[in-house]
Amino acid sequence: MANFSEQMQRIFDRYTAEVDDGPVALDVVAEWAVQQGLFRPAPRDVVKICREALAESLRQEKRVDDKGRRYRAKHSVRTSVGGTQLSLWADIDRAPRSFMEKSFGQRRKAIVDDCFQVKQDVDHYNDEHSTAQPIQIVLDFSEDVAEMEAAQRIGREGDEAA
């Protein structure tokens with residue numbers, strides 16, 4: 001039997017085969033899947049719903065420090081406790097250094113994983129469309145980060161002048 005993710009992939013593939021194989025908003029696919037009786041959600045655990053809402057809210061909480069930098073207030077570390085995968089959360093201003101090192105390392109790993117995957121996708125696309133000009137993807141973000149830092153500095157200086 002297919003796992004949940006595979007079932008969702010099959011719904012999308014069926015939509016593109018039966019309705020439209022062009023780019024589509026997932027709201028459209030979801031509405032179609034529900035109308036077709038292809039998606040019937042299982043009853044959800046209230047605690048799980050609350051946990052997911054907490055996590056989403058904590059990811060969004062930002063603060064501004066004395067130097068005007070916006071920073072994320074709450075951070076998580078994925079860990080295994082007694083064979084169970086958990087996400088532990090802490091406030092950046094009170095968390096121990098070891099916790100924050102793990103959190104930053106895990107976030108960096110997620111970025112690397114995303115970069116690796118986009119590189120695989122671009123390489124595949126370019127190979128499949130070898131007669132077209134290849135799509136170039138730059139994975140060095142140093143200049144992007146520097147530009148964002150400069151824009152933030154300019155914004156703070158503009159706020160102070162006003």
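The values are calculated or read from the model by the stated rules, or taken from the named source; none is laboratory data. Treat the numbers as computed from the prediction; the structure is a model and nothing was measured. Glycine also receives a Cβ, built like all others from the backbone with ideal geometry; neighbour counts cover every protein chain displayed.
Just give me the residues in segment 80-125 being free of Cβ contacts under 8 Å to residues at least 12 places away in the same chain and over 27 Å from F141 (Cα atoms), in sequence order.
Those that are free of Cβ contacts under 8 Å to residues at least 12 places away in the same chain and over 27 Å from F141 (Cα atoms): S80, V81, G82, G83, T84, Q85, L86, R94, P96.
I need every pair where a residue in segment 127-156 that is touching a residue at least 60 places away in the same chain (Cβ under 8 Å) has its Cβ under 6 Å from the Cβ of a residue that is assigned to a loop (DSSP other than H, G, I, E, B), sequence separation at least 6 or different chains.
Once the first residue is touching a residue at least 60 places away in the same chain (Cβ under 8 Å) and sits in segment 127-156, its partners that are assigned to a loop (DSSP other than H, G, I, E, B) give R156/G68.
For segment 62-95, how many residues meet the condition of being outside any strand (DSSP E or B) and of a type in the set (V, I, T)?
1
Looking at segment 7-55, which of its residues are loosely packed, with under 10 Cβ neighbours inside 10 Å, farther than 27 Å from W89 by Cβ and either at pLDDT 90 or above or not charged (D, E, K, R) (or both)?
A17, G22, P23, A25, D27, Q35, G37
Would you confirm, using the coordinates I've provided, whether G68 is surrounded by fewer than 10 Cβ atoms within 10 Å (Cβ to Cβ) and either in contact (Cβ under 8 Å) with a residue 40 or more places away in the chain or on the phi > 0 side of the Ramachandran plot (or both)?
So G68 fails the test.
For every residue, the table says whether it meets (1) polar (S, T, N, Q); (2) not assigned by TED's automatic domain parsing to the domain that holds R107.
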{"site": "V29", "(1), (2)": "no, yes"}
{"site": "R40", "(1), (2)": "no, yes"}
{"site": "S57", "(1), (2)": "yes, no"}
{"site": "R70", "(1), (2)": "no, no"}
{"site": "G83", "(1), (2)": "no, no"}
{"site": "A90", "(1), (2)": "no, no"}
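Output the residue which, of all residues in segment 124-146 that are of a type in the set (D, E, K, R) and under 22 Å from the mean Cα position of the chain (by Cα), is farthest from S76 (Cα to Cα).
E143
For Y125, only one of the following conditions fails: (1) surrounded by 11 or more Cβ atoms within 10 Å (Cβ to Cβ); (2) in a strand (DSSP E or B). What is its number?
Y125 satisfies every listed condition except (2).
Given the structure, is V24 touching a helix residue (DSSP H, G or I) at 6+ places or on another chain (Cβ under 8 Å) and outside any loop (DSSP other than H, G, I, E, B)?
No; evaluated as a whole, the condition is false for this residue.
What single numbered condition from (1) over 30 Å from G158 (Cβ atoms); (2) touching a residue at least 40 places away in the same chain (Cβ under 8 Å); (3) charged (D, E, K, R) fails to hold for K48?
The failed condition is (2).
Inspect segment 84-105 for any residue being at pLDDT below 95 and out of contact with any strand residue (DSSP E or B) (no Cβ under 9 Å at 6 or more places or on another chain) and give the result as yes or no.
Yes: one or more hits.
Residue by residue, here is whether (1) within 30 Å of G155 (Cα to Cα); (2) touching a Gly at 6+ places or on another chain (Cβ under 6 Å); (3) not basic (K, R) holds:
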{"site": "Q60", "(1), (2), (3)": "yes, no, yes"}
{"site": "H75", "(1), (2), (3)": "yes, no, yes"}
{"site": "T84", "(1), (2), (3)": "no, no, yes"}
{"site": "R94", "(1), (2), (3)": "yes, no, no"}
